[in-house]
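Contents: one structure, followed by commentary.
The values are calculated or read from the model by the stated rules, or taken from the named source; none is laboratory data. Since the structure is predicted, the reported quantities are computational estimates derived from the model, not experimental observations. A quick note on method: Cβ atoms are made from the backbone with ideal geometry, for glycine too, and the neighbour counts reach across all protein chains shown.
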């Protein structure tokens, strides 16, 4: 059986998204198996993309 990990992608103005490390499918909630590729999943990494969003806004408003 395939084994993968969830990558939690945090965004500044939207809810978190969980991405499968194997098939790159994205879902609003993690589960024990990936709905797309049926891999057995474990908790994984954290990807704080909202930090990039804040840097962009700081550049726009010159803060």
Selection status of residue 5, on the phi < 0 side of the Ramachandran plot, in a strand (DSSP E or B) and at pLDDT below 80: no
Given (1) out of contact with any strand residue (DSSP E or B) (no Cβ under 6 Å at 6 or more places or on another chain); (2) modelled with pLDDT of 90 or more, number of the condition residue 22 does not satisfy: (1)
